Structure formats: structure tokens, C-alpha cells
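Take a look at the structure below.
The values are calculated or read from the model by the stated rules, or taken from the named source; none is laboratory data. The shown structure was predicted, so the numbers you read here are calculated from the model rather than taken from an experiment. With ideal geometry, Cβ positions are generated from the backbone for all residues, glycine too; neighbour counts draw on all protein chains shown.
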Amino acid sequence: MTNRRMRAARFHGVGTPLEIEEVPYPEPGPDEVVVRIAACGVCGSDVHFLEDLPVPAPLPMTLGHEPAGLIESIGKEVRDWAPGDRVALSIGEGCGTCRTCRSGHPNSCLSLVVPGIHVDGAFAEAIRVRADALVAVPEGVSLRAAAVATDCVASPYHGLACRGRLEPGERVVVIGVGGLGGQGVALSRVLEAAMIVAVDTSPTALERAKQAGATHTILSQPGADLAAEISELTDGGADLVLECVGAPDAVSLGTQVLRPGARLVLVGVGIEPPRIDVPLAMFGLRELTVLGSFGSHKRDLVEVLQMQADGLLDIDSTISHRLPLEKVAEGLEMLRTKKGDPQRIVIEMEP
């Protein structure tokens, strides 16, 4: 044990701002590594925790679950990693042995431990994580892009490719094209969707979605019959709807614009029950499917990082704000209020 200390943004409870505090520097356990953080994405879930979403970890704790950086030290049982390796953190690795993990759903494991959610996270100078949760960052991919990829890109990719099983030539509707949804648009393009319809309340977000690959955009306004507009545009409904808002109204809209046999994938995070405004008989007759989607698998992160390395994605261009650790509270407030029109905010550490 050492007396080494580091800075971390600590969360003490709902209604209180994050505070930069000195905490003990982490040391790796036998199967763990310590990663010196280069960048950590700011996520909507972090904002929800500040408002009212229950935090599984005991308080006070350090938020931040989208990190990338350099391995600083390794535990005595770690064989596949070395100090200096560039890494990002997969947030969906469960215990690996339970029925849920063995059936292909490690991100839904009851023993899942995600830094920044269940234990101290990465709004800090360093973090201790299990070695098997790490993914190598390819050469040519910036660590800030890798940080954003861990959740903001890997999560919609998991929803589209793993849960929704998007096929080339299908028609996709993305409801909510902020951080997650904007990446969902770009990924739908990479996955060769024939039509990509972006729906949002923000004209700026829709313009960005168009640049990311949306073939059509629809501005959500009070009183508009969005379901009719989307159904007409898609000639009878979408093959796949990616819901990235986490609100009952968005889920309702998604169910109403599915063609027979189509899928609605819920990626958005919210605490209210989903609303399905389709009669049960019609829901069954049309053989509609509603799928939950949480986080991603390690292979999802590997694949999106490779897409970035291959030039199929441009994650760096979606980062609108880069802030130092001391301004993490400012970044969270910016994301909550949308002040400054943030697209993706990244906290970067000093060299």
C-alpha cells in the first residue's frame, strides 16, 4: 500500500453537485489493472443519477463509465496486458459462469459490475478494473474517440446488430438522434440500411443526423401526426426502429410505425414504464417484436473500434466539447440543459 493520492469527481447524492476531491490512488488486485485515464465520455445516465435514477454503488462514489487510457500497472495474474497498452473499457462483462452469461447475455448478468455505476468510475485520474473487461485501442484511433465508443457507439451498435439484427437493405427509423441516436444513424449507414429516418425535436440534431447518413429527417413538433408521417415515408412502416430517448411517448411512436414482422429496439434509458399503444390483437396479428437492449458485449466494442480504425466511422467529429476534470460538473449541466448545443462531451485528463 502507498499513500499516493489522485483527483476524482465525487457524487454525494441527488441534488448535490460533483466535487473534486483527493482520494487514494488505486492498486490492482491479482486479476486487475490500473488504467491511467486519458478521456472519459459524459453520458446521459450520469445526468440521470444526479437527478433521481438510483445509483447501485454506495455513496459517495466516482461517476464516469466511458473511459479509455493507458495501462499503468497490472496484477500478478494478468498475462495479456502490459503497462503502456492503449485500452478502452467494455461495460458489459458479467461473471462469465452464470446461466445468463453462458446464454450470451453477459451485459445482463446479475453480478455485472460497471465502474461508474456499481463501483468507483473514471471521472478520475486513474481507475482499477478487471483485466478481462479491457479492449485494445487500434493504432490511429484517438483515446477520446475510444472513450466515446465504449458506450455511446457500442450501445447503439449492440441494439442494431446484436438485438435488432439489422440486415442490409432494411428501412430504419431512429427516434432521438442526440449522442446515442446520432451514432445509431451512422452505424445504420455502415450496416447498409436502405433508408434511415431520423426523428427529433431539435433541428440541429436532425442536421447532424443528415450529415451522419440519415436519408430522411422528421422534426417532432406538438400536434404533429408523426406515426402517419413516418408510416407514409417508409411505405407501410419500418423494418427496425431504434428508440434512443427512454420515454414512454417515444416507445409508443416506435410501436406504431412497425411494419408486420418488424422490431423495435429500446436503447434509451428511463425509469417510466414503456407504453405500447397497439391493441394486443393487432400486436399479435402483425407479429411485432419489442426488444430491450443494454450496453454491449466486448465484441461489439472491438468491432466499432475497428470501424473507426478503418475510416467507416468518424467518432472524433461527433465530440463537440472537451473539458478538464475540474469542469465535469459543468459538462453534466451542459448535457442536462443542452446549453451550448452539446453533441458529445468528453472529460480529458492532463498529461
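Tabulated results
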| quantity | calculated |
| --- | --- |
| Top-ranked residue of the stretch 35-49 - restricted to ones that are aliphatic (A, V, I, L, M) and crowded, with 21+ Cβ neighbours inside 10 Å, ranked as modelled with the lowest pLDDT | Val42 |
| Residue match in the stretch 310-324 (condition: of a type in the set (Asp, Glu), buried (at least 23 other Cβ atoms within 10 Å of the Cβ) and in a helix (DSSP H, G or I)) | no |
| Condition check for Gly284: more than 25 Å from Ala126 (Cβ to Cβ) and buried (at least 20 other Cβ atoms within 10 Å of the Cβ) | no |
| Test result for Leu240, touching a helix residue (DSSP H, G or I) at 6+ places or on another chain (Cβ under 8 Å), more than 30 Å from Ser90 (Cβ to Cβ) and not in a loop (DSSP other than H, G, I, E, B) | no |
| Count of the stretch 19-41 residues which are touching a strand residue (DSSP E or B) at 6+ places or on another chain (Cβ under 9 Å) and part of a loop (DSSP other than H, G, I, E, B) | 6 |
| Per-region count, the stretch 1-15, residues surrounded by 12 or more Cβ atoms within 10 Å (Cβ to Cβ) and either in contact (Cβ under 8 Å) with a residue 24 or more places away in the chain or touching a helix residue (DSSP H, G or I) at 6+ places or on another chain (Cβ under 8 Å) (or both) | 8 |
| Members of the stretch 327-346 that are under 15 Å from Leu50 (Cβ atoms) and in contact with a helix residue (DSSP H, G or I) (Cβ under 8 Å, 6 or more places away or on another chain) | Leu332, Leu335, Arg336, Ile345 |
| Qualifying positions in the stretch 305-351 - aliphatic (A, V, I, L, M), in contact with a Pro (Cβ under 9 Å, 6 or more places away or on another chain) and in contact (Cβ under 8 Å) with a residue 40 or more places away in the chain | Leu305, Ala309, Ala329, Leu332, Leu335, Ile347, Met349 |
| Enumerated strands (runs of 3 or more DSSP E) restricted to the stretch 99-218, each holding at least 1 residues that are in the same structural domain as Arg36 (by TED's automatic domain parsing) and at pLDDT 95 or above | 126-130, 134-136 |
